[in-house]
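Written out below as structure tokens is the structure these notes cover.
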Amino acid sequence: MSAYYISVFLSILAILLALSARQAMHGILYLLFGLIALAFNLSLLGSGYGAVLLMIIYAGAIMVLFVFVVMLLNQPPSHLEVTVGALARQFLGPLMLGLCVFAFMIFATSTSAVNAIQGAEPFSVKAIAEALFRDGWFFIELISLLLTAALIGAFHVGKRQES
Amino acid sequence: MTSVIESPLFLASSIFTIGLLGFMVRRNLIFLFLAVEIMMLASAYAFVTLSNQFSDVDGQLMFLMILAVAAAELCVGLAIMMRFEERNKSLNADAADHLKG
Amino acid sequence: MLLGAIPLLPFVTFVVLLLVGARLPRYAISFIGVFGIACSAICALICASTYTGVQTQIYWAWIGNINFAFYLDPLSLFMTCMISFVATWIAVFSVRFMDEEDGTARFFGSMNLFVASMLVLVLADNLLLLLLGWEGVGLCSYLLIGFWYKNKAAGRAATKAFITTRIGDVGLLVAMLFALVLLGTLNIQDLLGQAAINWKPGSMEATIIALCILFAATGKSAQLPLQTWLPDAMLGPTPVSALIHAATMVTAGVYLIARLSGLFALSPIAQTMVLAVGAATLLIAGLCALAQNDLKRVLAYSTMSQIGYMFLALGAGAYSAAMFHLLTHAFFKALLFLSAGVIGYCAHHEYDMFKLGGLKKLLPLAYYSFLVGALCLCALPLVTSGFYSKEFILSGVLFSIDGGVFAWMSGLLGAFVTGLYTFRAITLTFFGEAKTPVVHKPGPLMAIPLGVLALFSIVLGFLQTPEDLFHIHKIADWFAGSFPDVRLHSTLILPEWSTLLIASAVSMIGIAVGLLAYKKSRPVDSVFTRGLGFDDLYGLAVVVPYSFLSRLLRRDIFGEMALSFARTVYSMAAFLGRVQTGRLTDYASLITFSLVVILAFLVLR
């Protein structure tokens, strides 16, 4: 049980650190750490499939893409940041709003019947694969189209203007 | 109280809120992207855990799709970000305020 | 039927010239312009020769008894013939006068419209139709004074004339409203009948209406207090001055009072006011005429003064005398103005007497016609019409109860001053050495009208001579019954032949002094030159506060109220527009904010 709490605490901490980092690379690395903690959390809950997918795709591809782009941009450190003082001035309003949203979400989850329901078993990979190929083949095709479009789009937009 | 923290939705809400806050506060485009990704991560996590809780396998499918969409969006977004940096010489989102007023 | 043609023909001419005039060659325009007025004159003379008695011709029945109808009685027939006849000869003269000007279609068109309006005015059988003609002549006066519109001073003079007479028109409108409310009719004959039945002499209502009419008449006839526009109106072409500001428009006021004589008979106060206005104006105008440097301004003040004589006669109840003087004055004043027109045409529109001179030899036509007119004006005994008409007035004034000795003496003083200023003008303009060369020669088109007018100026006098002298009384007979009777003193203060002698002596002394005293005159600039300060007074008392108020109210209150809505919206838009910073993160905050609001609403419901 305590492992669960530790993973919750770690992921929240990591995300917090990620968004309050001063340099982009630090932020990305903190997020990576947060992903690891989240994957840990998922595997504790029994969704090994989710954990592995997070690691491979999210941390392994998406975050790496981020890292590559940041390296490509090659921004000197001073360019990457606003001062903390300015952050603090602008932080109050959004903080209030964010807390309101958070409060509502907690309120919703605590009063709903969500917590009462407990499923029998987390899904196994086999069950998920069956569902994917039986019912979800169409969505897979859509995903592939989407990725193709994204590929072409990124390729086109990312081309350096030769004019 | 502990039941709240134990609920997976608590983690999802917290991560989403932090992402939202980060989006509202940060100026740097990279961190804005990061915040968006974090919000999507939070919703994907919620899908996975709740599908387990409700024994509905569609949640797992949804998780896959969110991942794919996040990846696609990130691709194009980063390409745009590179063009932005080329044009404005900085990654400050405040530089794009031509729709002011 | 012919009666309707009299004003219709000039109106049709006006429309024709308006529509196609600009495209016609000069001779066609002139011919059409003169033809319209000439036909009108011929119709008028035919009507006069076949006159059988008072009649009304209704052309269009409108509301109640306000119709487009013409009323023919001795007074209106008299005016009609005079107007159309004089206008014809002035139009003939203008053909030559305007033969090098542009815009003759505009000129003849306006002149025809003027004649048409004036004829409608005198023939109208109700006050509303009279007002139509009244306004029409005001409009044409504006158009014709400002004919040379490129001259800004002329434009200002036209505006001044229009506005001043407009102020007088308020009096006419108020009188019409009173008549309508109190008597229930605007038809003139009905009005006079009703007034005689309902009101006894001296009643307040009759006085009010009569005073309003008097105010309107002073506006159009350039008497005190609305006389300031006439000298400035001389900036228009000289035939215009002859027609409008000597013979016809300025007599409209006299006609109006004469037409409503029944009303004035019911109000001794109003009648005395008419007398006072006439006396004051004739003296003041005469003195101002003595201090002018411009020939046409002398003639303008002279017109003002002579109309003052007519008002004097009206005030004393001697209506036929006023009308007789109106007739003779029309001819000799037109003659004087047209002679000045000859000078203007031949000497580059130079009217400053101190720059003219010696024109007796250079322009004999102008000299002799001006001389005839001047002698009529100064009432040279026995041979001029001016003598007989002025004598008719003076005896009428002296012997009527409403007139009196003071009025008579002011008339005599006026006659003396008339002689002075007229022969001052002649001395300066025609005698002495020539200072301005003559570049044009007048032609027959100028000479013939001058000759006709001169002839009539002499001959018309013999329509009414005093009892002790031939005793002709055609005018008195013509107007018998049209006006309330003059109330004569039962015993005469002086025998009539002695008043005749006194008047003749005064005139001749005036002429003599005028001839002798001004040989070595120099340009004058005194308060009399500027019209005794009336212009400055009105400028200060009326124009300045009015301009101040209009500048103050330039942004009017309702406009401001309407604009304030727009301004509020603009400022709110500007204020709220600050929300749009253009920054992505701010928009995200806004989205979150609205999300929170919606959630709060859901939770708290």
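Yes/no matrix, rows are residues, columns are (1) part of a helix (DSSP H, G or I); (2) under 20 Å from C:M111 (Cα atoms); (3) touching a helix residue (DSSP H, G or I) at 6+ places or on another chain (Cβ under 7 Å); (4) modelled with pLDDT under 90:
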site	(1), (2), (3), (4)
C:V137	yes, yes, yes, no
C:C140	yes, yes, yes, no
C:F162	yes, yes, yes, no
C:Q189	yes, no, no, yes
C:E205	yes, no, yes, yes
C:V240	yes, yes, yes, no
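State the number of residues belonging to the stretch C:214-229 that are over 19 Å from C:S117 (Cβ atoms) and assigned to a helix (DSSP H, G or I).
3
Of all residues being free of Cβ contacts under 8 Å to residues at least 60 places away in the same chain and not in a loop (DSSP other than H, G, I, E, B) in the stretch C:142-155, which is farthest from C:S117 (Cα to Cα)? Just the residue, please. Give the steps one after another, and end with the answer.
Taking the stretch C:142-155 first, the residues free of Cβ contacts under 8 Å to residues at least 60 places away in the same chain are C:142-143, C:149-150, C:152, C:155.
Checking the rest, the ones that are also not in a loop (DSSP other than H, G, I, E, B) come to C:142-143, C:152, C:155.
Details: C:Y142: 13, C:L143: 13, C:K152: 27, C:G155: 22 Å.
Among those residues, the one meeting the criterion is C:K152.
How many of the residues in the stretch B:45-64 are assigned to a helix (DSSP H, G or I) and facing chain A (nearest Cβ under 8 Å)?
Matching residues across the stretch B:45-64 total 13.
In the list C:A322, C:A425, C:A347, C:A407, which residue meets the criterion of being over 24 Å from C:E496 (Cβ atoms) and modelled with pLDDT of 85 or more?
Selected residue: C:A425, the only one of C:A322, C:A425, C:A347, C:A407 that is over 24 Å from C:E496 (Cβ atoms) and modelled with pLDDT of 85 or more.
Would you confirm, using the coordinates I've provided, whether B:A42 is modelled with pLDDT of 90 or more and more than 7 Å from every other protein chain (Cβ to nearest Cβ)?
It is true that B:A42 is modelled with pLDDT of 90 or more and more than 7 Å from every other protein chain (Cβ to nearest Cβ).
Which of the following residues is over 25 Å from the mean Cα position of the chain (by Cα) and modelled with pLDDT of 85 or more: C:L537, C:L515? If you could, list the steps in order and put the result at the bottom.
On the way: C:L537 fails: over 25 Å from the mean Cα position of the chain (by Cα).
Matching residue, one of C:L537, C:L515: C:L515.
Being among the aliphatic types (A, V, I, L, M) and within 17 Å of C:A116 (Cβ to Cβ) narrows it down to one residue among C:I37, C:I58, C:I46; which is it? Spell out how you get there, then give the answer.
Details: C:I58 fails: within 17 Å of C:A116 (Cβ to Cβ); C:I46 fails: within 17 Å of C:A116 (Cβ to Cβ).
That would be C:I37, the only listed residue that is among the aliphatic types (A, V, I, L, M) and within 17 Å of C:A116 (Cβ to Cβ).
Can you tell me which residue within the stretch C:435-463, out of those that are surrounded by 20 or more Cβ atoms within 10 Å (Cβ to Cβ) and small (G, A, S), is nearest to C:I90 (Cα to Cα)?
Across the stretch C:435-463, the extreme among qualifying residues is C:A454.
Is there a residue being farther than 24 Å from A:M25 by Cα, assigned to a helix (DSSP H, G or I), in contact with a helix residue (DSSP H, G or I) (Cβ under 8 Å, 6 or more places away or on another chain) and at the interface with another protein chain (Cβ under 7 Å from one of its Cβ atoms) anywhere in the stretch B:65-75?
Yes, the stretch B:65-75 contains at least one residue that is farther than 24 Å from A:M25 by Cα, assigned to a helix (DSSP H, G or I), in contact with a helix residue (DSSP H, G or I) (Cβ under 8 Å, 6 or more places away or on another chain) and at the interface with another protein chain (Cβ under 7 Å from one of its Cβ atoms).
Kindly provide the set of residues from the stretch C:524-536 that are more than 16 Å from C:A285 (Cβ to Cβ) and surrounded by 13 or more Cβ atoms within 10 Å (Cβ to Cβ), ordered by number. Please lay out each step first, then the result.
Applying the first criterion (more than 16 Å from C:A285 (Cβ to Cβ)) to the stretch C:524-536 yields C:525, C:536.
Once the filter is applied, which keeps residues that are more than 16 Å from C:A285 (Cβ to Cβ) and surrounded by 13 or more Cβ atoms within 10 Å (Cβ to Cβ), the stretch C:524-536 yields only C:D536.
Conditions tested, residue by residue: (1) more than 27 Å from C:A270 (Cβ to Cβ); (2) surrounded by fewer than 21 Cβ atoms within 10 Å (Cβ to Cβ).
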{"residue": "C:L356", "(1), (2)": "yes, no"}
{"residue": "C:L365", "(1), (2)": "yes, yes"}
{"residue": "C:L371", "(1), (2)": "yes, yes"}
{"residue": "C:A374", "(1), (2)": "yes, no"}
{"residue": "C:V383", "(1), (2)": "yes, yes"}
{"residue": "C:G386", "(1), (2)": "yes, no"}
{"residue": "C:G403", "(1), (2)": "no, no"}
{"residue": "C:L420", "(1), (2)": "yes, no"}
{"residue": "C:T429", "(1), (2)": "yes, no"}
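Mind listing whichever residues of the stretch B:5-21 are farther than 19 Å from A:E121 by Cα, in contact with a Ser or Thr (Cβ under 8 Å, 6 or more places away or on another chain) and within 7 Å of chain A (Cβ to nearest Cβ)?
B:F10, B:L11, B:S13, B:I15, B:L20 - these are the residues of the stretch B:5-21 that are farther than 19 Å from A:E121 by Cα, in contact with a Ser or Thr (Cβ under 8 Å, 6 or more places away or on another chain) and within 7 Å of chain A (Cβ to nearest Cβ).
Scan the stretch C:35-49 for residues that are among the polar types (S, T, N, Q) and without any contact (Cβ under 8 Å) to a residue 40 or more places away in the chain and report the count.
Total meeting the criteria: 1.
In the stretch C:53-68, which residues are among the β-branched types (V, I, T) and either at pLDDT 85 or above or under 24 Å from C:P10 (Cβ atoms) (or both)?
The answer is C:V54, C:T56, C:I58, C:I66.
For the stretch C:170-187, which residues satisfy the criterion of being assigned to a loop (DSSP other than H, G, I, E, B) and under 19 Å from C:Y255 (Cβ atoms)?
C:L186
Which residue pairs have Cβ atoms under 7 Å apart, sit 6 or more places apart or on different chains, and have a first residue in the stretch C:498-522 that is in contact (Cβ under 8 Å) with a residue 60 or more places away in the chain and a second that is small (G, A, S) and assigned to a loop (DSSP other than H, G, I, E, B)?
C:S507/C:A379
For the stretch A:133-163: of the residues being in a loop (DSSP other than H, G, I, E, B) and under 26 Å from the mean Cα position of the chain (by Cα), which is surrounded by the most Cβ atoms within 10 Å (Cβ to Cβ)? Steps first, answer last, please.
Here is the first cut: in the stretch A:133-163, the residues in a loop (DSSP other than H, G, I, E, B) are A:136, A:158-163.
If we keep only those that are under 26 Å from the mean Cα position of the chain (by Cα) as well, we get A:136, A:158.
Details: A:G136: 22, A:G158: 17.
Of everything passing the filter in the stretch A:133-163, A:G136 is surrounded by the most Cβ atoms within 10 Å (Cβ to Cβ).
In this structure, does C:Y570 turn out to be within 14 Å of chain B (Cβ to nearest Cβ) and either part of a helix (DSSP H, G or I) or loosely packed, with under 10 Cβ neighbours inside 10 Å (or both)?
It is true that C:Y570 is within 14 Å of chain B (Cβ to nearest Cβ) and either part of a helix (DSSP H, G or I) or loosely packed, with under 10 Cβ neighbours inside 10 Å (or both).
Of all residues in the stretch C:181-197 being of a type in the set (A, V, I, L, M, F, W, C) and surrounded by fewer than 16 Cβ atoms within 10 Å (Cβ to Cβ), which is nearest to C:L211 (Cα to Cα)?
Top of the filtered list is C:V181.
Can you pull out every residue in the stretch A:74-109 that is modelled with pLDDT under 85 and either surrounded by 17 or more Cβ atoms within 10 Å (Cβ to Cβ) or of a type in the set (A, V, I, L, M) (or both)?
Listed by number, the residues that qualify are A:Q75, A:L80, A:E81, A:V82, A:V84, A:A86, A:L87, A:A88, A:Q90, A:L92, A:A108, A:T109.
When you go through C:I42, C:I90, C:I46 one by one, which is the residue that is more than 24 Å from the chain's Cα centre (by Cα), within 21 Å of C:P449 (Cβ to Cβ) and part of a helix (DSSP H, G or I)? Spell out the reasoning first.
On the way: C:I90 fails: more than 24 Å from the chain's Cα centre (by Cα); C:I46 fails: within 21 Å of C:P449 (Cβ to Cβ).
That would be C:I42, the only listed residue that is more than 24 Å from the chain's Cα centre (by Cα), within 21 Å of C:P449 (Cβ to Cβ) and part of a helix (DSSP H, G or I).
Can you tell me which of C:F331, C:F311 is surrounded by 24 or more Cβ atoms within 10 Å (Cβ to Cβ) and more than 21 Å from C:G531 (Cα to Cα)?
Details: C:F311 fails: more than 21 Å from C:G531 (Cα to Cα).
The conditions single out C:F331.
From the list C:A407, C:A379, C:A434, which one is among the hydrophobic types (A, V, I, L, M, F, W, C), in a helix (DSSP H, G or I) and either touching a helix residue (DSSP H, G or I) at 6+ places or on another chain (Cβ under 7 Å) or closer than 23 Å to C:L338 by Cβ (or both)?
C:A407
Within the stretch C:111-128, identify whether any single residue is surrounded by 24 or more Cβ atoms within 10 Å (Cβ to Cβ), assigned to a helix (DSSP H, G or I) and not hydrophobic (A, V, I, L, M, F, W, C), and answer yes or no.
yes
Please go through the stretch A:133-150 and give me each residue that is facing chain B (nearest Cβ under 7 Å) and at pLDDT below 90, ordered by number.
A:G136
Checking C:D402 against (1) assigned to a loop (DSSP other than H, G, I, E, B); (2) more than 21 Å from C:I307 (Cβ to Cβ); (3) not small (G, A, S), only one condition comes out false. Which one?
Condition (2) is where C:D402 drops out.
Any residue in the stretch A:35-63 that is within 20 Å of B:C75 (Cβ to Cβ) and at the interface with chain B (Cβ under 7 Å from one of its Cβ atoms) sitting within a Cβ distance under 8 Å of a residue that is assigned to a helix (DSSP H, G or I) and of a type in the set (G, A, S)? List the pairs, counting only those 6 or more apart or interchain.
Partner pairs satisfying both residue conditions: A:I57/B:A71; A:Y58/B:A70; A:A61/B:A71; A:I62/B:A70; A:I62/B:A71.
The values are calculated or read from the model by the stated rules, or taken from the named source; none is laboratory data. Everything numeric here is computed off the predicted structure, so don't read it as measured data. With ideal geometry, Cβ positions are generated from the backbone for all residues, glycine too; neighbour counts draw on all protein chains shown.
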